[in-house]
Amino acid sequence: MSVNASAGPERWELFRVAVGARTEWLVLRVTGEDGTRGHGECSDAGSLPRVVERLASGLPVDGEGGFLSRTVAGGVEQARVDAAARRDGLPLWDWLGGEHPGEIELYANINRVPGGRSPDDVAACAWAAVRDGFRAVKLAPFDVADPRAEIPLPALGLARLGAARAAVGASVALMADAHERLTLDELAPLLGPLADLGLYWLEDGVGIARPDELAELRSLTELTLAGGEFASDVGEVEKVDGLVDVLMPDVKHAGGTLRARDLARSAPGTRISFHNPSGPVATLHAAHLTGVCGGSVEPLEYAYGEASWRSAVVRGAERIGEGRLTLPDDTPGIGLDLDTDHPAVTRVWSGRLEPHPSCRG
């Protein structure tokens, strides 16, 4: 379906939500001439001053260009899509022609939990997520070296994973995000031990931007391989057809909700798990998309343990219990409003962007 945006000028606002030492959420809010609002998220686009500069300069609506432009454009498109669905009085999953996704299973990404990164620290974080009802946990074991450790990073990462597995038990799905931190020569000797740990998937051992090297990794292991968090073009996905088992579009970095949906649809034989180490706005956009992608959808990523108040900042619209997310019933759009009076929220920019000719559902 094609839904016109508000015919008159749009008012835009960018809000910074201060979360912790490693995280801030950047939320865009559009208000149409008719008063309809929509929300999008462009967190992790880059430094806040560069995001503001990009918005103030007049953002291209197509989201082409570099990572910063594409991610900020992703937030813009999310907000416009949310507003369009609200204008039609439909939940986003319905506006997109999908089905109500019901309770959405989440997995806990513990990578940004405050605290240490020793194997014991990681194990404690993993166990806390399981205690809170999550049945799947992901960590980034190779992200940070420990200057106190007397073993190299590859072995330290393996020790972190081993400690997490011992803490959560065999019945919990355990994922490792390598973030492309190791060379293939460093990663190859770990593939056997990783398989012995019963990993649910290995993410970004090699990124999809390097299909030849990814093919080499694929030939070395039967581990489930996941990737694609920075994909923005169907052609990128087509080049790695058969090389990744789980494709991970991100509603921010892909250039918006509709682009993430199109990436998911471009890989009909691949399982889909939307990449989402994000705030409540991107989480709800991705959650609604799970109702559009059918039976191939894997659990949705959730940034566990960063902020106990994250639901409050969207007035309780993010409802999570026992590792599952329940969407607001029949609420138009993604079903939330940002609490701009919350102490963590600061408005950092407001202005106008050229109205988009249409949002396509």
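The values are calculated or read from the model by the stated rules, or taken from the named source; none is laboratory data. This structure is a prediction, so every number in the text was calculated from the model and none was measured. Heads up, the Cβs are rebuilt from the backbone with ideal geometry, glycines too, and the neighbour counts pull from every protein chain shown.
In summary, SER266 fulfils each of the numbered conditions (1) closer than 25 Å to SER69 by Cα; (2) at pLDDT 95 or above with the single exception of condition (2). Limited to the range 273-295, what total is found for residues that are out of contact with any Lys or Arg (no Cβ under 8 Å at 6 or more places or on another chain) and surrounded by 24 or more Cβ atoms within 10 Å (Cβ to Cβ)? Selection size over the range 273-295: 12. Within the range 290-313, restricting attention to residues that are part of a loop (DSSP other than H, G, I, E, B) and within 19 Å of HIS100 (Cα to Cα), the residue that is modelled with the lowest pLDDT is CYS293. Of the candidates SER57, SER43, the single residue that is farther than 19 Å from LEU92 by Cα and either touching a Cys at 6+ places or on another chain (Cβ under 7 Å) or surrounded by fewer than 21 Cβ atoms within 10 Å (Cβ to Cβ) (or both) is SER57. Whether any residue in the range 157-175 is under 28 Å from GLY242 (Cβ atoms) and out of contact with any Phe, Trp or Tyr (no Cβ under 7 Å at 6 or more places or on another chain) is what I want to check. The answer is yes, given that some residue of the range 157-175 is under 28 Å from GLY242 (Cβ atoms) and out of contact with any Phe, Trp or Tyr (no Cβ under 7 Å at 6 or more places or on another chain). Test VAL27 against the criterion of being β-branched (Val, Ile, Thr) and either modelled with pLDDT under 95 or assigned to a strand (DSSP E or B) (or both), and give yes or no. Judged against the criteria, VAL27 is a match.
Of the listed requirements (1) surrounded by 23 or more Cβ atoms within 10 Å (Cβ to Cβ); (2) part of a loop (DSSP other than H, G, I, E, B), ILE208 misses just one: (1).
Of the residues ARG165, ARG148, ARG181, which is assigned by TED's automatic domain parsing to the domain that holds HIS275, surrounded by fewer than 15 Cβ atoms within 10 Å (Cβ to Cβ) and of a type in the set (D, E, K, R)? After ruling out the rest, the residue left standing is ARG148.
The residues listed here are ALA83, ALA128; of these, the one that is out of contact with any helix residue (DSSP H, G or I) (no Cβ under 8 Å at 6 or more places or on another chain) and either in the same structural domain as ALA170 (by TED's automatic domain parsing) or among the aromatic types (Phe, Trp, Tyr) (or both) is ALA128.
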